[in-house]
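Notes for the one structure printed next.
The values are calculated or read from the model by the stated rules, or taken from the named source; none is laboratory data. Everything numeric here is computed off the predicted structure, so don't read it as measured data. Ideal geometry is used to build each Cβ from the backbone, glycine not excepted, and the neighbour counts take in all protein chains shown. Protein only, heavy atoms only, side chains kept; ligands, DNA and RNA dropped before computing areas. Shrake-Rupley method; radii C 1.70, N 1.55, O 1.52, S 1.80 Å.
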Amino acid sequence: MFRSLALALTVALPAHAQQVTDFTLDNGLQVVVIEDHRAPVATHMVWYRVGAADDPRGKSGIAHFLEHLMFKGTATLAPGEFSATVEAQGGSDNAFTSWDYTAYFQRVAADRLDLMMRMEADRMRNLRLTEEEVATERNVILEERNQRTDSDPGALFSEQRRAAQFLNHPYGLPIIGWRHEIQGLTRQDALDFYGRYYAPNNAIVVVAGDVDPRAVRDLARAHYGALAPTPDLAPRVRPVEPPQLAERRLTMADPRVAQPYVVRSYLAPAREPGAQDRAAALTVLAQLLGGSGPTSVLARALQFDRQVAIQAGAFYDGTAVDHGSFVVSVVPVPGVSLDQAEAALDQVLAEFLDRGPDPAALDRLKIQLRAQDIYSRDSADRLARRYGEALTVGLTLDDIADWPDRLQAVTAEDVMAAAREVLDRNRSVTGHLTRADDAKEAL
């Protein structure tokens, strides 16, 4: 069954209607088509509803490990042949893993979509792995951890803060995995994970670009339609995070730190299907506090008025299956300690909670958010990612279409209600990242 959704934009900015069509194959595979006929190219993405938060206990990193192994080949494709074929067609491809999903994508000329679907359908069910390939790729991932995490104090700090934020929920696991558990991952671990989660009834195909929905449906039926679904696929049930009763704090010192800073993260509600108002208010709150450069509340107060910070910001991430997070941060100027920077941050937050947002700033921000939404539609890649990310965490096409209007409907009262709910120190983790020498001097 076809469902077509015209996303018309009714603002005084250049825009074009976005035609979105979705259908589901008999084996449970959902397909979403986003038409954009301005250039003869297409983005083809396969999203699996599985990520690092679904790693079996003691095998952290297996979702990310399998993402790498998916390029090793099938009965009909040699290791590396998938990407080589895409490149030979003048296209590009890659993949990425998050806590809630794993995605694979190709950007090619629109008339190469048939080939992309054929290859992706092949590796959805026909992956072949040898012990040698698994061992080699495991070493690649260990080296990736060396370069991106272990050699970067900021990345290690983020990893430690996230582990402190989630005592029981697997969102506290690093996507790449803990080193000692990566070292123990086996070929059978990968195949078991693959056989359980990589199935048409656990996947979403998103095609964006110069395509016709009926032609895409025919191709999807031809290539994906014959794949058998995984019977009795279990629902996504993760361990429940217990209520946080007290603030958690940590200080990490490392001689490689170039610029000390303070970060505080709060547990926050995620976007909920059919009920996105709280998430919309938190999105606006984050933008008001720290998302609009020098005009934001934190930047204006800490960087310009009090001149205690080089940078100050806020960020909300609510596109998740279970929990969102709200983050504020301060990078102090030389001579200002992290304790002083944190005290200044707390004072500005308290003032905001007392006074509320400036009405003119709120109106200006809504115009900026509407413009950002419109300009983001100029990229088929970004549209494909927007839809895939939202759908894999349980949101619907209606939720995605309604999101810009939810942002525009946020009131000052909504912002304050969200701020009072989320900016609770008892639901936060505050971290100081400093140089090792600075930490010794503070003792």
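Okay, here's what the table says:
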read-out: For peptides 208-220, 346-358, sequence by mean Cβ density within 10 Å, most packed first; value: 208-220, 346-358
read-out: Pair His180, Ala246: separation of 7 Å Cα→Cβ label points (nm); value: 2.6 nm
read-out: Accessible area of Phe193 in the full protein assembly, 1.4 Å probe (Å², nearest 10); value: 10 Å²
read-out: Ala409 versus Asp150: modelled label distance in nm, points set 7 Å from Cα along the beta carbon direction; value: 5.0 nm
read-out: Mean Cβ neighbour count within 10 Å, used as a protection proxy, ranking 178-185, 259-266, 425-432 highest first; value: 259-266, 425-432, 178-185
read-out: Note, ³J(HN,Hα) from phi for the stretch 368-382, Karplus 6.51, -1.76, 1.60, rounded to Hz, x at Gly and Pro; value: 5, 5, 5, 5, 4, 4, 5, 5, 5, 6, 6, 10, 5, 4, 5
read-out: Farthest toward positive dipole pole in the stretch 90-130 [+1 Lys/Arg, -1 Asp/Glu at C-beta], among Gly90, Leu129, Ala110; value: Leu129
read-out: Accessible area (Å², 1.4 Å probe, nearest 10) - Leu191; value: 40 Å²
read-out: Solvent accessible area, Å² - His68, 1.4 Å probe, full protein context; value: 40 Å²
read-out: Magnitude of the charge dipole, the stretch 102-237, Cβ model with Lys/Arg +1 and Asp/Glu -1, debye to 20; value: 380 debye
read-out: Magnitude of the charge dipole, the stretch 184-236, Cβ model with Lys/Arg +1 and Asp/Glu -1, debye to 20; value: 80 debye
read-out: The chain, dipole about Cα centre (Lys/Arg Cβ +1, Asp/Glu Cβ -1), debye to the nearest 20; value: 160 debye
read-out: Separation of alpha-carbon centers, the stretch 367-405 and the stretch 260-302, rounded to whole Å; value: 18 Å
read-out: Selected from Tyr266, Ala286, Ala234, residue furthest toward positive end of dipole (the stretch 195-287; charges at beta carbon); value: Tyr266
read-out: Computed FRET value (nearest 0.05) for His37 with Ser92, which takes r as the C-beta separation and R₀ as 22 Å; value: 0.60
read-out: Enclosed volume per residue, in Å³, of the convex hull spanned by Cα atoms of the chain; value: 154 Å³
